[in-house]
Each structure stands twice: as C-alpha cells, then as structure tokens.
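Below is one structure, written out as structure tokens; comments come after it.
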Amino acid sequence: MTLKELSQLYYLNQEIAMDKRRLLELEEQAVSCSQDYTGMPHGTGVSDKVGRYAADIVDLQGIIEAKHKQCLYERSRLERYISDIEDSLIRQIFTLRFVDGMSWRQVADSMGGRNTPDGVRMTCERYIRKK
C-alpha cells in the first residue's frame, strides 16, 4: 500500500468536514431567505430560492452520506492492512497516523520515549518502501 492510499481516510474526513461546513451555510441561507406569501402572482424570472436551497441541501446530504460510507470502507481496509504488520511499534505508528489522523508530532508524542516526528515518519516511510 502506498502513502497516498494510506492517507485517503484522512483526506476523506477533511472533505466531509468541508461539506458539512457548506451544508451549514446552505441551511443558514435557506432560513434567511425571505419569501413573498401575499398570494399575488409573480412575473417570469422569479425563482424559488428556498426550493433551490432545499434541493442543494438534499444533494449535499447525499454526498456526505456517500463519503461516510466510503470512510467506513477505507477505515476497514486500513485496519486490515495494519493488523498484518508484524512489528508492534510500526502498527502503532500507522494506527495513530493513518487511522486516527494525527500529525507526525502528535504520533511521536503519543509514542513517548525518545521518538521524534522525523523519526516516526522515517520509520513509516522505510516500512512502506520495504513493502
């Protein structure tokens, strides 16, 4: 498995967070959108903003749900790959970095001892190159 493949779960989670922020923006825009409920007929060119926002919201919710499913698949795939690693130290590094999404500094701090961010990163890269 390549470094790019190992990082997919992290990037999917970033995409989901971005989509959720966009969803909140759309919901706020839909709520703040005013409608004219006088019952008077409208001329051509008048659009239903609330309806448009509702459609966009439903589409984005579907996208988020699909990405959640993809995250579950990627996480399962990662965990299977990591469980096959024989060295416990490397398994811990991979889990902290790729499953938990920690930075190299956070991984080194979690590992304790004299581990440095560069040290755990190089351990990871050596393992990937070896495989």
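The values are calculated or read from the model by the stated rules, or taken from the named source; none is laboratory data. Treat the numbers as computed from the prediction; the structure is a model and nothing was measured. Please note: Cβ atoms are built from the backbone with ideal geometry, for glycine as well, and neighbour counts cover all protein chains shown. Only protein heavy atoms, including side chains, enter the accessible area calculation; ligands, DNA and RNA are left aside. Shrake-Rupley method; radii C 1.70, N 1.55, O 1.52, S 1.80 Å.
Summary of computed values
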item	result
Kirkwood Rh, Cα atoms: Rg over Rh of the chain	1.26
Relative contact order for the chain, counting Cα pairs under 8 Å that sit 6 or more residues apart, in percent	28
Net charge of Cβ neighbours under 13 Å - reference ARG22; Lys, Arg +1; Asp, Glu -1	-4
Full-extension gain in nm, ASP109 to GLN14, via 0.36 nm per residue minus C-alpha separation	31.9 nm
Solvent exposure of the chain as accessible area per residue, Å², 1.4 Å probe	69
Full-extension gain in nm, ARG80 to LEU23, via 0.36 nm per residue minus C-alpha separation	17.3 nm
Residue-count net charge about LEU60 - beta-carbon cut-off 14 Å; Lys, Arg +1, Asp, Glu -1	-3
Accessible surface of the chain, 1.4 Å probe, proportion on carbon and sulfur as whole %	51
